[in-house]
1. Take the residues in the stretch 52-71 that are assigned to a loop (DSSP other than H, G, I, E, B) and out of contact with any helix residue (DSSP H, G or I) (no Cβ under 6 Å at 6 or more places or on another chain), then tell me which one is surrounded by the most Cβ atoms within 10 Å (Cβ to Cβ).
2. Out of everything in the stretch 148-162 that is surrounded by 20 or more Cβ atoms within 10 Å (Cβ to Cβ) and at pLDDT 95 or above, what residue ends up being nearest to residue 251 (Cα to Cα)?
3. Quick test for you: out of 80, 11, 4, pick the one residue that is outside any loop (DSSP other than H, G, I, E, B), under 19 Å from the mean Cα position of the chain (by Cα) and either within 22 Å of residue 254 (Cα to Cα) or touching a residue at least 12 places away in the same chain (Cβ under 8 Å) (or both).
4. How many of the residues making up the stretch 245-272 are in a loop (DSSP other than H, G, I, E, B) and in contact with a strand residue (DSSP E or B) (Cβ under 9 Å, 6 or more places away or on another chain)?
5. Looking at 116, 103, which one is closer than 22 Å to residue 265 by Cα and touching a strand residue (DSSP E or B) at 6+ places or on another chain (Cβ under 9 Å)?
6. Before we move on, is residue 140 farther than 20 Å from residue 52 by Cα and crowded, with 17+ Cβ neighbours inside 10 Å?
7. Write out, first by first residue and then by second, each pair whose Cβ atoms fall under 9 Å of each other, whose residues are 6+ apart or on separate chains, and whose first residue, in the stretch 231-260, is free of Cβ contacts under 8 Å to residues at least 12 places away in the same chain while the second is surrounded by fewer than 21 Cβ atoms within 10 Å (Cβ to Cβ) and part of a strand (DSSP E or B).
8. Look through the stretch 224-246, keep the residues that are surrounded by fewer than 17 Cβ atoms within 10 Å (Cβ to Cβ) and within 14 Å of the chain's Cα centre (by Cα), and return whichever of them is nearest to residue 167 (Cα to Cα).
């Protein structure tokens, strides 16, 4: 276990999966505590794919490789490269086991910087091989919900107006071409009067978070216009996420479990019917030999009630 501290903030990170297991600011827990009976994780790292693959496989140069939901990074031990009082870098590198499911040479660093009121979480991926490397990665933190102990209605507020519909998730976790309407409202504040739900072609900024909304499946906002969003607990506390290198944002929970995942993705699950090579899968990044790419999310906390 790696433990960081900065002022009132505390962070615990497991070597397995480089996964944050606890983050608190003062007496307020940010992350939920994993429950094996509900969801046995807290904030896994996703790599080298995000979401489900068709048939639990990827294909490269005509060969099929077994690779399931969100890849393998969350289940592998990371080496500790460096750690200080307020920051740490952990590393996973390709080996015979990873090549059996993902035939590429890579280095994946999970980098954490703890601030008194924020967690800056970076994934840095490098292509150590001799051919272009397709990859996707993501952050999957489960935050306490209700957030900061508030019984008031919560809302997620995007920086910009977003499309008021999301892909329907088909059996097997694949992304269908159908879409379902989500009640994004024009109001930018959780406390603003309720507006009429947007139409399928409409756009909005404010999504009121309810158990019914999340009971069906994940809400996957792809290629968002916003650079970030705010979770407002309706009682003065806010959790903001700023995204750099993550074009997709997803919300997921298992009501009535007390967590809400606000996920940052660079890619997404296989589309229905996709049977092509990994390099051709929509939303995959293609990293040149010797190149490195960085993806960062900053989660910051504010509370106007003292």
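1. 70
2. Step by step, filter the stretch 148-162, then rank; the result is 156.
3. Exactly one of 80, 11, 4 is outside any loop (DSSP other than H, G, I, E, B), under 19 Å from the mean Cα position of the chain (by Cα) and either within 22 Å of residue 254 (Cα to Cα) or touching a residue at least 12 places away in the same chain (Cβ under 8 Å) (or both), namely 11.
4. Here is the first cut: in the stretch 245-272, the ones in a loop (DSSP other than H, G, I, E, B) are 245-247, 253-258, 266-270, 272.
Those left that are additionally in contact with a strand residue (DSSP E or B) (Cβ under 9 Å, 6 or more places away or on another chain): 245-247, 253-254, 257-258, 266-270, 272.
Total satisfying the criteria: 13.
5. The conditions single out 103.
6. no
7. Within 9 Å, no pair qualifies.
8. Only one residue fits best here, namely 245.
The values are calculated or read from the model by the stated rules, or taken from the named source; none is laboratory data. Given the structure is predicted, the values throughout are model-derived calculations rather than measurements. Note that we place each Cβ from the backbone using ideal geometry, even for glycine, and neighbour counts take in every protein chain shown.
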